[in-house]
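**Student:** Would you mind keeping the following structure in view while I ask a few things?
The values are calculated or read from the model by the stated rules, or taken from the named source; none is laboratory data. Predicted model, so just to flag it, every value in this text is computed and none were measured. No Cβ is skipped: glycine too gets one built from the backbone with ideal geometry, and neighbour counts run over all protein chains shown.
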Amino acid sequence: MIEGSQIFLKPLDDSHVEATLELEIRNREFFEQYSIERDNDFYTLEGQAERIQEKKEYREQGKSYHFGIFTKESRELIGEIGLFKIERGPAQSGMVGYSLDKGHNGNGYMTEAIKLIVNYAFDTLSLHRIEAGVMPHNLGSIRVLKKSGFHQEGIAKKNIKINGKWQDHQMLAIINPGD
């Protein structure tokens, strides 16, 4: 567990299957604006159980590190954040991705979650660089990343397919200050 002032990050396990499904269903329309297409199996208990198990296996292999975002006050699952595309060797880099329950936007939770996971990436995983890709019109997400120390680097043209259309992404990055 990684603890902050308002939230804590914890790897998801089998005890979180129902909560992740509820979070995804409750925010389906909101999340679909910014994420890859999901098949209908994703929105089932079995689909969430498989996703949690896959993330556990990736963590054990050092490929990615995903966490649920929980409020300290209510201990409610309000989102997810993860490091993925972990590259070792000369790059020592990864990407960060995240989602937050629409009803919890604007409370500083995601800024805190990003800072916590960046510290984890630099201090625990010894990564040198973390990148994030955001659709250019998602100004709230860009603002959160900048508040968390990321700098803008450029536009990746037609980078990821979202809702059946190749979308541009603003690329941002943060470098480990100890390197």
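**Student:** How many residues does the range 1-33 hold that are under 21 Å from Asn107 (Cβ atoms), among the charged types (D, E, K, R), surrounded by fewer than 18 Cβ atoms within 10 Å (Cβ to Cβ) and at pLDDT 85 or above?
**Tutor:** Number satisfying all stated conditions: 4.
**Student:** Check Gly89, Gly94 and return the single one that is closer than 29 Å to His128 by Cα and modelled with pLDDT of 95 or more.
**Tutor:** Only one candidate passes the filter, namely Gly94.
**Student:** Checking Pro90 against (1) within 17 Å of Leu127 (Cα to Cα); (2) of a type outside the set (S, T, N, Q); (3) buried (at least 20 other Cβ atoms within 10 Å of the Cβ), which single condition isn't satisfied?
**Tutor:** Condition (3) is where Pro90 drops out.
**Student:** Would you mind telling me which numbered condition in (1) without any contact (Cβ under 8 Å) to a residue 60 or more places away in the chain; (2) in a strand (DSSP E or B); (3) of a type in the set (Asp, Glu) Glu80 fails?
**Tutor:** Every condition holds for Glu80 apart from (1).
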